[in-house]
Amino acid sequence: MDAYQAYFSSQPTTAIAQDLLGRLLIYDSDQGHFAGYIVETEAYLGVQDSASHAFNHRRTNYSESLYGDPGDLYIYQIRANYCFDVVVQVRDEPQGILIRAIEPLANLDQMVKNRHQTGVNLTNGPGKVMQALGIQDRHLDGLPMDQAPLKIDLSQRRQPQKIMMTPRIGVNQDGDSGQDLCRFYVWGNPYVSKSKRRDDDYDHHGWLKKEN
C-alpha cells in the first residue's frame, strides 16, 4: 500500500474531505507546473448516497474508476465541464471526494490563458479548476495518484481558520441525501464557489496567520 492509498482509506470520507482543505494540488504538464491550495471539497458516500454516481450500486464503464483503489483519479464530464474526484476507501467501495475549488499558487499566467478569466473566477468551481489546469479530457481517469501528473501533496498543509459545512452544490436537493452536510470549505477564502463576497477575508484568505 502506497502513501496515497493509506491516506485515502485512513478515515471516514467526510473527515478526509475536510483534511484536504489547505493541501496543495499539483499538476505537471507540457504547459508547466501548476499548483494551488484546495479550498473546497465535497464528499460522495457511495451506494447509499443519492447524489453519488454509484447510488443503488450503479456501475458502468464510465464510472468504473470510482470503484478503484484509494487515491485513484475519477475524471468525468458534466455537460461541457470536466471534474475530478479522488477515490477513497477500499477497492469496490465507491466513495469519492470532489475537488471543487483551489486558490492558485503557481503558473497563474497560464491558468489565465486557459480560462480567459482573471481574479477569483479563475478557479472557483470544479469545472473551472480543470479548465485552468488545461485538462479537458479523461486521459488521466483511473490513474493512481502516485503515478499521475495530477496529485495532492500530503507532506504539508496550510491551516484553515474555520471550516464550514453545507449541503452539496448542484445535486438533487430533494434526494434522500440532498441535504447532507457533505460540502466543506475554508471560510473567508475568496476562491470558494458561490461564496458571499461580504464574507471574504482578503487579508488572510481564511488561513491561520503564520508564526514569525
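Just checking, which of 117, 161, 156 is of a type outside the set (Gly, Ala, Ser) and in contact with a His (Cβ under 9 Å, 6 or more places away or on another chain)?
The conditions single out 161.
Evaluate the following for residue 141: is it acidic (Asp, Glu), in contact with a helix residue (DSSP H, G or I) (Cβ under 6 Å, 6 or more places away or on another chain) and under 19 Å from residue 33 (Cβ atoms)?
No: the conditions fail for residue 141.
Quick one: in the range 191-201, which of the residues that are modelled with pLDDT under 95 and surrounded by 19 or more Cβ atoms within 10 Å (Cβ to Cβ) is farthest from residue 13 (Cα to Cα)?
My answer is 195.
With the requirement that a residue be aromatic (Phe, Trp, Tyr) and either under 23 Å from residue 195 (Cα atoms) or surrounded by 18 or more Cβ atoms within 10 Å (Cβ to Cβ) (or both), what does the range 41-66 give you?
Scanning the range 41-66 gives 44, 55.
Can you tell me how many residues within the range 174-212 are hydrophobic (A, V, I, L, M, F, W, C) and either more than 18 Å from the chain's Cα centre (by Cα) or not in a loop (DSSP other than H, G, I, E, B) (or both)?
4
Of all residues in the range 5-57, which are within 29 Å of residue 190 (Cα to Cα) and in a helix (DSSP H, G or I)?
Within the range 5-57, 7, 13, 14, 15, 16, 17, 18, 19 qualify.
Can you tell me which residue in the range 153-169 is farthest from the chain's Cα centre (by Cα), limited to those that are surrounded by 15 or more Cβ atoms within 10 Å (Cβ to Cβ) and in a loop (DSSP other than H, G, I, E, B)?
It comes out as 161.
Looking for whichever is open to solvent by 30 Å² or more (accessible area, probe 1.4 Å), under 21 Å from residue 171 (Cα atoms), at pLDDT 95 or above and of a type in the set (S, T, N, Q) here; the options are 5, 18. Which one fits?
Only one candidate qualifies: 18.
Cβ-Cβ distance below 6 Å, separation of 6 or more or different chains: which pairs start in the range 163-184 with a residue that is over 20 Å from residue 39 (Cβ atoms) and end on one that is modelled with pLDDT under 85 and open to solvent by 20 Å² or more (accessible area, probe 1.4 Å)?
Going by the 6 Å Cβ cut-off, the qualifying pairs are 178/171; 178/172.
The values are calculated or read from the model by the stated rules, or taken from the named source; none is laboratory data. Small disclaimer: the values here were computed from a predicted structure and weren't measured. No Cβ is skipped: glycine too gets one built from the backbone with ideal geometry, and neighbour counts run over all protein chains shown. Just the protein is used for accessible areas: all its heavy atoms, side chains included, with ligands, DNA and RNA removed. Shrake-Rupley method; radii C 1.70, N 1.55, O 1.52, S 1.80 Å.
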